[in-house]
Amino acid sequence: LTYDSGTWSLNGKSLQVNGDIHQNGGILNLGKGNLTVIGSYYHQEGTLNPAGGAVKIGGNYYNAVLDTDSSSGDPIFGIASGILYMNHTASSMDVAGDFVMASDEWHSNKLTAGTIAIQGNFTQISGNEYNFACGESLKVILNGKDVQHVSFESNQSKFNILQLTKDKNTGYVFSPDPCWNELEEIQN
């Protein structure tokens, strides 16, 4: 599914996308609705706002322009301009894969409430050094089964409340360490 312009609102309803979403503009406002993406979410431009709803992504979330290194085949992340609003306590985002933030947008007043759960790796790339500057009550939960790698390019961006579900010393690799304001360690 490719989404380029206009405003798309779920108004409390549910939508399942059986593949990837490529958002290249526009506004996607869940309005307390539920969005399930079986594949990955490529958020290059435009706004994603759960607005008290839930986003479930079966693959990766890329707020980045994704390319591939022609010699190694490794992914290359370029700067995007996607805006992610997490400013409602009931908002949630569950990412089964990796989360990459390379937006050139300032997010310090946009990432303030709700919960983001990530099962893969987390990478912050400085399109804007404040693109993942979390505040107030936003909680990020790192709940993957394997060792999770977390890296921040900018020291202006960090998790506000970070919840770990594995042993901090064996279940995660942080760069830098610490990269949060408040740490909760909950082992299952």
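Values quoted throughout were computed directly from the atomic coordinates according to the rules given, and no laboratory measurement underlies them. Computed from a predicted model, the values in this text were never measured in an experiment. In this analysis, Cβ positions are derived from the backbone assuming ideal geometry, glycine residues included, and neighbour counts consider all displayed protein chains.
Near A133, the amide H atoms lying under 5 Å from its own belong to H107, S108, K158; only residues 5 or more places off or on other chains count, and H is placed 1.01 Å from N. If you average the alpha carbon positions of region 129-188 and of region 95-116, how far apart do those two centres end up, in angstrom? Cα centres, region 129-188 to region 95-116: 12 Å. Quick one, which of (i) 65, 32, 27; (ii) 148, 22, 18; (iii) 44, 43, 29 is the actual Cα extents along the principal axes in Å calculated for this model? Computing Cα extents along the principal axes in Å and matching it to (i) 65, 32, 27; (ii) 148, 22, 18; (iii) 44, 43, 29 gives (iii).
Please report the relative contact order for region 52-176, taking Cα pairs under 8 Å with a sequence separation of at least 6, and give it as a percent rounded to a whole number. 21 percent. Seen from G82, the other residues with C-beta closer than 10 Å to its C-beta sum to a net charge of -3, counting Lys and Arg as +1 and Asp and Glu as -1. Note: relative contact order over region 43-111, using C-alpha pairs below 8 Å and six or more positions apart, is 43 percent. If you take all other residues with their beta carbon under 10 Å from the beta carbon of T165, and give Lys and Arg +1 and Asp and Glu -1, the sum is -1.
Cα-Cα over 22 Å: which of K110/K139; K32/K110; K139/K166; K13/K139? Table pairs above 22 Å Cα-Cα are K13/K139.
Measuring r between the beta carbons of N18 and N181 and using R0 = 35 Å, the FRET efficiency lands at 0.40.
By the helix-only formula, in which each DSSP H run with n ≥ 4 contributes -39500 (n - 2.57) and the sum is divided by residues, the chain has a 222 nm mean residue ellipticity of -500 deg cm²/dmol. Taking amide H atoms as placed 1.01 Å from N in the peptide plane, the amide H of M93 lies under 5 Å from those of V55, T115, I116, A117, each 5 or more residues away in sequence or on another chain. A protection proxy built from the mean count of other Cβ atoms within 10 Å ranks the segments 115-121, 31-37, 69-75, most packed first, as 115-121, 31-37, 69-75.
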